[in-house]
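Presented below is the structure to which this report refers.
The values are calculated or read from the model by the stated rules, or taken from the named source; none is laboratory data. None of the values given here were measured: they were computed from a predicted structure. Note: ideal-geometry Cβ built from the backbone for every residue, glycine included; neighbour counts use all protein chains shown.
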Amino acid sequence: MKTSFWKLNRWTVFGIGLVCCAAGSLVTVRLAQLEQVKADSNRVFELRVYHVVPGKLPALESRFRDTTSKLLAKHDLKVVGDWVPEDAPDWNNTFVDILVHPSQEEAKKNWDAMMADPEFQEVMKSEQANKLVERIDSTYMRPTDFSPIK
C-alpha cells in the first residue's frame with residue numbers, strides 16, 4: 001500500500017509542477033508581447049527622397065554604398081532599404097531611402113549627431129565641389145494599424 005501511495009503522490013507532484021511551468025510560460029509570453037507592442041507604438045519611419053543632379057545617380061549610389069551607410073549606422077540611423085526607381089521616367093534622377101526610428105525625437109537626436117560628425121562634414125564638403133543632390137524631401141510616417149510592418 002505504501003508503494004501505490006508514493007506513485008500517486010509522485011504523479012500529483014509532477015502534474016502540479018507541469019501546470020505551474022505551463023502557467024508561468026504563458027504569463028511570461030503574454031507580458032513579453034505587451035512589452036513589444038508598447039515598445040513599438042512610437043516607432044516611426046522616415047521616407048527620404050533625394051532629387052539627384054541629372055547624371056549623378058551612380059555617384060550618389062557609390063557614396064551611400066561606401067561612406068554614408070556606414071555613417072548612418074554609426075549614429076543609430078537604421079536603414080530599412082535604399083531604392084532607385086525603374087521604368088519611371090519622371091523619377092530617373094531619384095534615390096529613395098527609408099529609415100526606422102524609435103521616435104521622431106530620437107531621429108532628430110541621431111541626425112543632429114550625424115551632422116556634427118567630422119567624417120560627415122568632410123563628405124558634405126566634397127559634395128560642395130561636386131554637387132550630387134539638388135534637394136531632399138523627408139517625411140515621417142507611422143504605420144497603420146493594419147500594416148504588416150510596424
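A compact table of results
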quantity: Hits in region 119-150 (condition: assigned to a strand (DSSP E or B) and closer than 14 Å to Leu77 by Cβ); calculated: Ile136, Ser138, Tyr140
quantity: Residues of region 80-118 that turn out to be over 18 Å from Ser138 (Cα atoms), assigned to a helix (DSSP H, G or I) and modelled with pLDDT of 95 or more, as a count; calculated: 2
quantity: Some residue of region 134-144 being more than 19 Å from Ile98 (Cβ to Cβ), of a type in the set (Lys, Arg), in contact (Cβ under 8 Å) with a residue 60 or more places away in the chain and assigned by TED's automatic domain parsing to the domain that holds Trp91; calculated: no
quantity: Lone qualifier among Val52, Val19 - being modelled with pLDDT under 95 and over 20 Å from the mean Cα position of the chain (by Cα); calculated: Val19
quantity: Count - residues of region 81-94 that are in contact with a Lys or Arg (Cβ under 9 Å, 6 or more places away or on another chain) and loosely packed, with under 15 Cβ neighbours inside 10 Å; calculated: 0
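Residue by residue, here is whether (1) surrounded by 14 or more Cβ atoms within 10 Å (Cβ to Cβ); (2) farther than 30 Å from Asn42 by Cα holds:
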residue	(1), (2)
Gly55	no, yes
Lys70	no, no
Val79	yes, no
Val96	yes, no
Val100	yes, no
Ser126	no, yes
Ile136	no, no
